[in-house]
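Colleague: This is the structure I have questions about; it appears just below.
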Amino acid sequence: MSTPVTHLWLREETKPMEHRAALSPDVCKKLLADGRFKITVESCKERIFADSEYENVGCTLVAGDSWRQAPADAIITGLKELPENDQTPLPHTHIMFAHCYKRQGGWKDVLSRFVEGNGLLYDLEFLQDDSGRRVAAFGFYAGFTGSAVGIDAWCHQQLHSGEKYPTITPYPNEDVLIAETKAKLAQIGKMPKIMVMGALGRCGSGAVSYARKAGIPEENIIKWDMAETAKGGPF
């Protein structure tokens, strides 16, 4: 018997300023090499990865916002909510952060579209493994990014005291971001001290990771977690 093939359809994100992708080209390459997946990718100008990166690993590229015409067995994969002002029934299986199950605004409208279309929703916020741990969480990179912004804000205070902190714009990759942070720290000539509460958690470990990659000495990274706070405050 032939091996069943799962068809993933990576849709174009339509939220303003959303550059992330639910599937990276590297992940697509691994899935395609497995032999049990077919991957269709919608063209997207805002996505951090170029369309060509997906084509180069063997994905099929299609026009953006074309998922409504996808084959019935395609699993429509994305990060954020579907485009607004659309109440058409949803017959496909969708993977995304739907923001419905905590009764966020419009949750009834979203879920009713799945009922009307007989579709299925796998909400990334609530998918868990056998141990009850979430399988999709952005905690590490939330901490990683927050640490980067915090260090950059400190650098700005040192280099441009009294001036308003500028608008943050996306970086093409973390190497560019880290190189910029290192250059600013070198220009300042001293290192900040950083305290990370919950340093062993997802978010905290990300914050520590960025500080290390930026070249901040280990003795300048104060790492607190449950052991350090177990006795209670004041601290």
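Colleague: May I ask you to say which residue of ALA211, ALA186 is part of a helix (DSSP H, G or I) and without any contact (Cβ under 8 Å) to a residue 24 or more places away in the chain?
Modeller: None of the other options fit; the residue is ALA186.
Colleague: Can you find even one residue in the stretch 143-152 that is assigned to a helix (DSSP H, G or I), of a type in the set (Phe, Trp, Tyr), open to solvent by less than 70 Å² (accessible area, probe 1.4 Å) and touching a residue at least 40 places away in the same chain (Cβ under 8 Å)?
Modeller: Yes, some residue in the stretch 143-152 is assigned to a helix (DSSP H, G or I), of a type in the set (Phe, Trp, Tyr), open to solvent by less than 70 Å² (accessible area, probe 1.4 Å) and touching a residue at least 40 places away in the same chain (Cβ under 8 Å).
Colleague: How about the stretch 115-142: which of its residues are out of contact with any strand residue (DSSP E or B) (no Cβ under 9 Å at 6 or more places or on another chain), exposed (fewer than 15 other Cβ atoms within 10 Å of the Cβ) and not in a helix (DSSP H, G or I)?
Modeller: Those that are out of contact with any strand residue (DSSP E or B) (no Cβ under 9 Å at 6 or more places or on another chain), exposed (fewer than 15 other Cβ atoms within 10 Å of the Cβ) and not in a helix (DSSP H, G or I): ASN118, ASP129, ASP130, SER131, GLY132, ARG133, ALA137.
Colleague: Take the conditions surrounded by 13 or more Cβ atoms within 10 Å (Cβ to Cβ) and charged (D, E, K, R) and apply them to LYS29. Does it pass?
Modeller: Yes: the conditions hold for LYS29.
Colleague: Mind checking which pairs have a first residue in the stretch 21-45 that is aliphatic (A, V, I, L, M) and a second that is part of a strand (DSSP E or B), Cβ under 6 Å, 6 or more apart or different chains?
Modeller: ALA22/THR77; LEU23/LEU10; LEU31/PHE37; ILE39/LEU8; VAL41/LEU10; VAL41/LEU61
Colleague: Let me ask something else about it. So, GLN87, is that one open to solvent by 80 Å² or more (accessible area, probe 1.4 Å) and under 23 Å from GLY106 (Cα atoms) or not?
Modeller: yes
Colleague: Evaluate the following for GLY64: is it in a loop (DSSP other than H, G, I, E, B) and in contact with a strand residue (DSSP E or B) (Cβ under 6 Å, 6 or more places away or on another chain)?
Modeller: Yes; evaluated as a whole, the condition is true for this residue.
The values are calculated or read from the model by the stated rules, or taken from the named source; none is laboratory data. Predicted model only: the values in this text are computed from it and were never measured. Virtual Cβ from ideal backbone geometry, glycine too; neighbours counted across all protein chains shown. Keep in mind that these areas ignore ligands, DNA and RNA; they rest on the heavy atoms of the full protein, side chains included. Shrake-Rupley method; radii C 1.70, N 1.55, O 1.52, S 1.80 Å.
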